[in-house]
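Data block below; observations after.
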Amino acid sequence: MKRTFVKSLLSLFIFSLPFSLYAKEITLGGKAGWPEFQTKENITKGKGRFGYDCIQLATNSFTYDEETDLLINFENPANPIAAGDYEIVKNNLKISDKSIMAKGAGLSRNTGGMSIHGKPGTFFGSQGVMGSFSIEFWLSPSIVENGEIILHWETSKNVSGRLIYQLLNCTFNNGRVEWTLSNFFDEFSNPYGDSEIVLKGSTKIIPDSWTYHALSYDCESGILEYLVNGITEDIKYVTTNGKETGAVYLALLGTPANVDFCTEYTGKIDDIRILRRPYSPPDYQSAEVAGKTGRMLYRPNGGRFVTKPIVVSTGSRLSKLEAEMNVPSQTEVSFFVRSGDNYFNWTSTYPEWKPVTSGEDLKNISGMYFQLACDIYPDGEGSVTPTLTQITLDFEELPLPLPPFTVKAAAGNGSVTLSWSYSVDNTAGGYYIYYGTRPGEYLGRVAVQGESPIKVGNTTTYTLTGLENGKIYYFAIATWSSLDDRIVGPLSKEVFARPLSRLN
């Protein structure tokens, strides 16, 4: 009777204690560095405030798609080929950080350039009739000398039992870029009676200035054209009459041979791309901007990253997001968060993303798992990016319940009876018993009542049976929360006992 009265009095005291959440802070970026993201698009790292890494938009760079035959972007010095079934035969190009696309560009000092070989199935690794194609690259020459070779491919093909020389060449001529295609198309002869096609640029190439070049062929119309910064410089109809009304000739390639870049060239080249389709303006390049500069530095649709789920504790609440960032005029940084108790059923749209603003007090964002997404937008001309140096997430966590202050263990025959005091915590809902055969390692599995830990109710005594006599066992008690039984507090002090057959 006395014990029941004391227990009731203790319970009354416990649940009259004030309940409060505990503050917890998680930092992304800054001194701690940025974690690996779950997804990211068009973003990269730069230098932000105080010398820490920042997140910012990546400069424009081509991306691989199903129509990309080859992409050389020079981002990986060990292998500049980013996509495509080609291999490097020779590479004397260096890497320059003064690029136009992303971080690296190829640098040629007129020392032989780069040679690549296409495997079977690639455009230049195959023999026979080909469809539409485009060859594209960025160019920034140090000098513009007649005869400098930017791209060179030569081989031979068998026509009616006779070997015919075949050539694709891109060179400088009178300060402009010129393309030569010899015997490149099936049975083609231009109005002058030979099989050579020459496309001449009209734009004078300025040293140390980037320009975007594309050779494009459309097998549907027979149009072969050369473009600089998205503007057509020269055009030919590869047809029976040299006009759009004629029947189209297709590209017919001979024995596969190496493709050479910058063999006799001094300057930089970036993002070399071969596509199995005609040229089309990149989605980031508007006609107005293309006419002035050839490109926008950043894509107008910006970039995005999504963090991996951040584990806090059940019932935690996100109270504030604060970002250390630089957001120039016309640029924008937008944050979104979502949360839940189980992220295994999450999709890209569930749970719903909630927009949040840096520094505002947040409400109704709670759970055990949190995820952050961030959209970053450039200015209207695509020339300026915001930078994000650090994000601080302030959480309010449910308190961890205190363990019992006293724990005792009494050995029996194949059993141990544990007893403990009630936790003096107003959130205590019950207890877990941890047991094992090594101090601090509670990996027990032999008890009839189950593997460690064993969940018991709001009691202060419990007997484990099925234990091995003569072996010492170690025990500790933890309290689980009445607010959520997945919230488990720290362990009590450790106790031990050795079951023996002589004990009752």
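The values are calculated or read from the model by the stated rules, or taken from the named source; none is laboratory data. Just so we're clear, the structure is a prediction, and the values are computed from it rather than from any experiment. Counting neighbours? That spans all protein chains shown, and the Cβs are built from the backbone with ideal geometry, glycine included. Heads up: the accessible areas ignore ligands, DNA and RNA and are worked out on the full protein's heavy atoms, side chains in. Shrake-Rupley method; radii C 1.70, N 1.55, O 1.52, S 1.80 Å.
Key figures
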| item | result |
| --- | --- |
| Matching residues in the stretch 209-240 - criterion: being within 32 Å of the chain's Cα centre (by Cα) and either part of a loop (DSSP other than H, G, I, E, B) or surrounded by fewer than 20 Cβ atoms within 10 Å (Cβ to Cβ) (or both) | SER209, TRP210, ASN229, GLY230 |
| Residue list for the stretch 248-285, filter: open to solvent by 10 Å² or more (accessible area, probe 1.4 Å), in contact (Cβ under 8 Å) with a residue 12 or more places away in the chain and of a type in the set (Gly, Ala, Ser) | ALA257 |
| Test result for ILE43, open to solvent by less than 80 Å² (accessible area, probe 1.4 Å) and at pLDDT 90 or above | no |
| Which listed residue, of LYS320, LYS354, LYS363, LYS308, is under 21 Å from the mean Cα position of the chain (by Cα) and either of a type outside the set (Asp, Glu) or open to solvent by less than 30 Å² (accessible area, probe 1.4 Å) (or both) | LYS308 |
| Which numbered condition THR239 fails, given (1) in contact with a Gly (Cβ under 7 Å, 6 or more places away or on another chain); (2) modelled with pLDDT of 95 or more | (2) |
| Some residue of the stretch 49-57 being at pLDDT 90 or above, open to solvent by less than 30 Å² (accessible area, probe 1.4 Å) and either over 30 Å from CYS374 (Cα atoms) or assigned to a loop (DSSP other than H, G, I, E, B) (or both) | no |
| The stretch 323-351, subset among the aromatic types (Phe, Trp, Tyr) and surrounded by 15 or more Cβ atoms within 10 Å (Cβ to Cβ), residue modelled with the lowest pLDDT | TYR343 |
| Of all residues in the stretch 91-100 being touching a residue at least 40 places away in the same chain (Cβ under 8 Å) and either assigned to a loop (DSSP other than H, G, I, E, B) or under 14 Å from THR263 (Cβ atoms) (or both), the one that is farthest from the chain's Cα centre (by Cα) | LEU93 |
| Any hit, the stretch 182-202, residues being more than 20 Å from GLU154 (Cα to Cα) and at pLDDT 90 or above | yes |
| Wholly within the stretch 101-173, strands (runs of 3 or more DSSP E) carrying at least 2 residues that are open to solvent by 60 Å² or more (accessible area, probe 1.4 Å) and of a type outside the set (S, T, N, Q) | 162-173 |
| Enumerated strands (runs of 3 or more DSSP E) restricted to the stretch 377-457, each holding at least 2 residues that are open to solvent by 10 Å² or more (accessible area, probe 1.4 Å) and more than 29 Å from SER501 (Cβ to Cβ) | 387-397, 428-436 |
| Members of the stretch 220-248 that are on the phi > 0 side of the Ramachandran plot and either touching a Phe, Trp or Tyr at 6+ places or on another chain (Cβ under 9 Å) or of a type in the set (A, V, I, L, M) (or both) | GLY222, ASN229, GLY230 |
| Inter-residue pairs, beta-carbon under 6 Å, first more than 19 Å from LEU275 (Cβ to Cβ) and in the stretch 70-84, second aliphatic (A, V, I, L, M) and in a strand (DSSP E or B), 6+ apart | PRO77/ILE95 |
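Matching residues to (1) of a type in the set (Asp, Glu); (2) farther than 30 Å from GLN330 by Cα:
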{"residue": "GLU381", "(1), (2)": "yes, no"}
{"residue": "THR387", "(1), (2)": "no, no"}
{"residue": "LEU398", "(1), (2)": "no, yes"}
{"residue": "ASN413", "(1), (2)": "no, yes"}
{"residue": "SER421", "(1), (2)": "no, yes"}
{"residue": "VAL424", "(1), (2)": "no, yes"}
{"residue": "GLY436", "(1), (2)": "no, yes"}
{"residue": "GLY450", "(1), (2)": "no, yes"}
